[in-house]
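Reviewing the structure listed below.
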Amino acid sequence: MKIIVGLKQVSARDCLLRTDASGRWIDETDLAFEINEPDAYALEAALQLKEKHGGEVVVLTVGPPRAAQSIREALAKGADRAIHIEEENLGRWDALGIATLMARALEPEKPDLILTGLQSDDLGYGQTGVVLAELLGLPHATIIMQVEKLDGSIRVRRELEEGWFENVEIPLPALLAIQSGITKLRYATLMGIKKAKTKEIRRVEAAGLAAATAPAVEISRVYVPHKTKQTEILAGNAQQAAAQLVERLRFGARVL
């Protein structure tokens, strides 16, 4: 069973973010980077399927040369090899463009299953996985919490609203978008880190996979939300003020 895992490198969550000179993206100078969290859970799901049923786990990444650090981390955790689509300027690609690059790179692979994270921690579109499935003509499902391999198909558990779940059987090959928290993430072992140095990383230039076209979606501005403060005095006695406070928390701030 060959499993492809889409993996994106994003800025670490504890980094202090600032907009760059253009105002269209963040300044990446001196930032630390890590594996996108939902993609890390997709990788873990793939590794567990490999441990149960055998096969191969291949990491697929679109990103600049620095993304090789996250690729090596995935290889150290147990992935067998990787495909790195090198693109220095990710900003010129939208979700459709990225999915097109991934689809072209996967043409010789013929995977049985493709796993992606539900969405990225930076842009949060939640589109790349399902667009990739459409380009490849594969059945797909999102918000996956559990994956079970059957004979020629898979059974998945999808998270719905208000604590409800849906169980669906999907024929293979297929694509799944994995939800964060599906299982506990593993750490790379010392032996895994050593083995990762010898594992194959096939590097492909993005320009060689698809001609640059105008994106359907462009980021025109990135900025820090404007913060405001407002003070309101609640009139009445303690009981009346408490009732007004609960109403504002429930319907205004929506925290109750």
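Write out, first by first residue and then by second, each pair whose Cβ atoms fall under 9 Å of each other, whose residues are 6+ apart or on separate chains, and whose first residue, in segment 207-235, is more than 22 Å from residue 128 (Cβ to Cβ) and surrounded by 12 or more Cβ atoms within 10 Å (Cβ to Cβ) while the second is modelled with pLDDT of 80 or more and charged (D, E, K, R).
Qualifying pairs under 9 Å: 234/248.
For segment 45-157, give me every one of the helices (runs of 4 or more DSSP H) that falls completely inside it and has 2 or more residues that are of a type in the set (A, V, I, L, M) and either surrounded by fewer than 20 Cβ atoms within 10 Å (Cβ to Cβ) or at pLDDT below 95 (or both).
95-106, 128-136
Residue check, residue 197 against (1) over 21 Å from the mean Cα position of the chain (by Cα); (2) surrounded by 10 or more Cβ atoms within 10 Å (Cβ to Cβ), all met but one. Which one?
(2)
Can you find a residue in segment 224-232 that is modelled with pLDDT of 95 or more and hydrophobic (A, V, I, L, M, F, W, C)?
No.
Is there any pair with a first residue in segment 1-27 that is farther than 30 Å from residue 112 by Cα and a second that is in a loop (DSSP other than H, G, I, E, B) and among the aromatic types (Phe, Trp, Tyr) whose Cβ atoms are under 7 Å apart and which are 6 or more apart or on different chains, and what are they?
Between residues of segment 1-27 that are farther than 30 Å from residue 112 by Cα and residues that are in a loop (DSSP other than H, G, I, E, B) and among the aromatic types (Phe, Trp, Tyr), the close pairs are 19/223.
For residue 167, work out the one condition from (1) free of Cβ contacts under 8 Å to residues at least 12 places away in the same chain; (2) in contact with a strand residue (DSSP E or B) (Cβ under 8 Å, 6 or more places away or on another chain); (3) among the polar types (S, T, N, Q) it doesn't fulfil.
(1)
Only residues that are among the acidic types (Asp, Glu) and modelled with pLDDT of 95 or more: list them for segment 167-220, please.
The answer is 169, 200.
Can you find a residue that is part of a loop (DSSP other than H, G, I, E, B) and not assigned by TED's automatic domain parsing to the domain that holds residue 17 anywhere in segment 188-197?
Within segment 188-197, none of the residues are part of a loop (DSSP other than H, G, I, E, B) and not assigned by TED's automatic domain parsing to the domain that holds residue 17.
For residues that are of a type in the set (A, V, I, L, M, F, W, C), over 30 Å from residue 24 (Cβ atoms) and part of a loop (DSSP other than H, G, I, E, B), tally how many sit in segment 223-256.
The qualifying residues number 6.
The values are calculated or read from the model by the stated rules, or taken from the named source; none is laboratory data. Quantities reported herein were computed from a predicted structural model and do not represent experimental measurements. Here the Cβ is made from the backbone with ideal geometry for all residues, glycine too, and neighbour counts use every protein chain on show.
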